[in-house]
Amino acid sequence: MRRSLMLGAALVALSSPLRAQTAESVIDKAVTAYKGIKTMRGRFEQTIRNPLTGTSMTARGDFQQRLPDRLAVLFSDPKGDRIIVDGAVAWLYLPSTNPGQVLKVPSGAGGGSLNPTEQFLTSPATRFRLTSAGTAVVGDRATHVVKLVPKTAIPEFTEAIVWVDDANGLIRQFEITEPSGLVRRIRMVDARVNATVDSGAFSFTPPKGVKVIDQTTGRGGAR
């Protein structure tokens, strides 16, 4: 009898860390991890899927980030596409789909797609209903998965899923379902925190002759 009680106590002790991995504790771990990050750089892979048509498209590239408000996304596929957030505005230069023009938009409209802190980790318990979605391996990293559903409708997404690294709390992958129904998944590859970022990475000069569509003031023009 005594041995059975001791065995039961040991099993409870061993299982308690697993029970502690609630959705809230996983997100809290990510919030804490990102508080210590000043810069980040690495590679990414983005897949956009349209459930209505059954089609998907994949893009790849490199990113550099200086928190809280600087971001540079350089696509290698499609080559030449760029998103630059300079702290004041975001430049969306996507000649693969919109040749001859660049969008100049408020910074929050351009940088959210690769900024987990802005999207998911600002007051998460207040903004979202959090649900555990199990565990998964992303690349070679063990993660816990959490589903986030906005408590109040937001324009960015109707639901999101994040994969949080068990070892360091980094978001290794995230997926959002946009109001249009499109599903966008972004996987961070070889993300390095507090790494040196390139000088001038967060500045953008529109190429000569490219039309600037300025959505910060409602005016557009050609340069």
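Given the options Ile161, Ile154, name the one that is assigned to a loop (DSSP other than H, G, I, E, B), of a type in the set (Val, Ile, Thr) and under 18 Å from the mean Cα position of the chain (by Cα).
Ile154
Take Ala142 and tell me if it is under 30 Å from Ser56 (Cβ atoms), at pLDDT 95 or above and of a type in the set (A, V, I, L, M). Working first, answer last.
On the way: under 30 Å from Ser56 (Cβ atoms): yes; at pLDDT 95 or above: yes; of a type in the set (A, V, I, L, M): yes.
Taking the combined requirement at face value, the residue satisfies it.
Could you please let me know if Thr117 is out of contact with any strand residue (DSSP E or B) (no Cβ under 6 Å at 6 or more places or on another chain), among the polar types (S, T, N, Q) and either in a strand (DSSP E or B) or in contact (Cβ under 8 Å) with a residue 60 or more places away in the chain (or both)?
Numbers: out of contact with any strand residue (DSSP E or B) (no Cβ under 6 Å at 6 or more places or on another chain): yes; among the polar types (S, T, N, Q): yes; either in a strand (DSSP E or B) or in contact (Cβ under 8 Å) with a residue 60 or more places away in the chain (or both): yes.
Considered against the rule, which asks whether it is out of contact with any strand residue (DSSP E or B) (no Cβ under 6 Å at 6 or more places or on another chain), among the polar types (S, T, N, Q) and either in a strand (DSSP E or B) or in contact (Cβ under 8 Å) with a residue 60 or more places away in the chain (or both), Thr117 comes out as yes.
Specify which of the listed residues (Thr126, Thr135) is modelled with pLDDT of 95 or more, open to solvent by 20 Å² or more (accessible area, probe 1.4 Å), in a helix (DSSP H, G or I) and at negative phi. Write out each step before concluding.
Details: Thr135 fails: in a helix (DSSP H, G or I).
Sole residue among the options that is modelled with pLDDT of 95 or more, open to solvent by 20 Å² or more (accessible area, probe 1.4 Å), in a helix (DSSP H, G or I) and at negative phi: Thr126.
In the range 78-108, what count of residues is obtained for those that are in a strand (DSSP E or B) and either over 21 Å from Asp198 (Cα atoms) or in contact with a strand residue (DSSP E or B) (Cβ under 6 Å, 6 or more places away or on another chain) (or both)?
Our first condition is that a residue be in a strand (DSSP E or B); within the range 78-108, this holds for 79-85, 89-93, 101-106.
From what's left, either over 21 Å from Asp198 (Cα atoms) or in contact with a strand residue (DSSP E or B) (Cβ under 6 Å, 6 or more places away or on another chain) (or both): 81-85, 89-93, 101-106.
Of the residues in that region, 16 qualify.
Restricting the search to the range 150-185, which residues are of a type in the set (A, V, I, L, M) and open to solvent by less than 30 Å² (accessible area, probe 1.4 Å)?
Filtering the range 150-185 for residues of a type in the set (A, V, I, L, M) gives 153-154, 160-162, 164, 167, 170-171, 176, 182-183.
Ala160, Val162, Val164, Leu170, Ile171, Ile176, Val183 - these are the residues of the range 150-185 that are of a type in the set (A, V, I, L, M) and open to solvent by less than 30 Å² (accessible area, probe 1.4 Å).
If the Cβ limit is 6 Å and pairs must be 6+ apart or interchain, which residue in the range 172-191 that is over 12 Å from Glu45 (Cβ atoms) pairs with which residue that is part of a strand (DSSP E or B) and of a type in the set (Asp, Glu)?
Here the result reads Thr177/Glu159, each pair linking the range 172-191 to a residue that is part of a strand (DSSP E or B) and of a type in the set (Asp, Glu).
Would you pick out the residues in the range 38-77 that are among the hydrophobic types (A, V, I, L, M, F, W, C), open to solvent by 20 Å² or more (accessible area, probe 1.4 Å), touching a Gly at 6+ places or on another chain (Cβ under 8 Å) and in a strand (DSSP E or B)?
Within the range 38-77, the first condition is being among the hydrophobic types (A, V, I, L, M, F, W, C), and the residues that meet it are 40, 44, 48, 52, 57, 59, 63, 67, 71-75.
Filter once more, so that each one left must be open to solvent by 20 Å² or more (accessible area, probe 1.4 Å): 48, 52, 57, 67, 74-75.
Then keep just the ones that are touching a Gly at 6+ places or on another chain (Cβ under 8 Å); that gives 52, 74-75.
Hits for the range 38-77 are Leu74, Phe75.
The values are calculated or read from the model by the stated rules, or taken from the named source; none is laboratory data. Note that the structure is a prediction, hence the values are computed from the model and not measured. Note: ideal-geometry Cβ built from the backbone for every residue, glycine included; neighbour counts use all protein chains shown. Note: accessible area is taken over every heavy atom of the protein model, side chains too, but ligands, DNA and RNA are not part of it. Shrake-Rupley method; radii C 1.70, N 1.55, O 1.52, S 1.80 Å.
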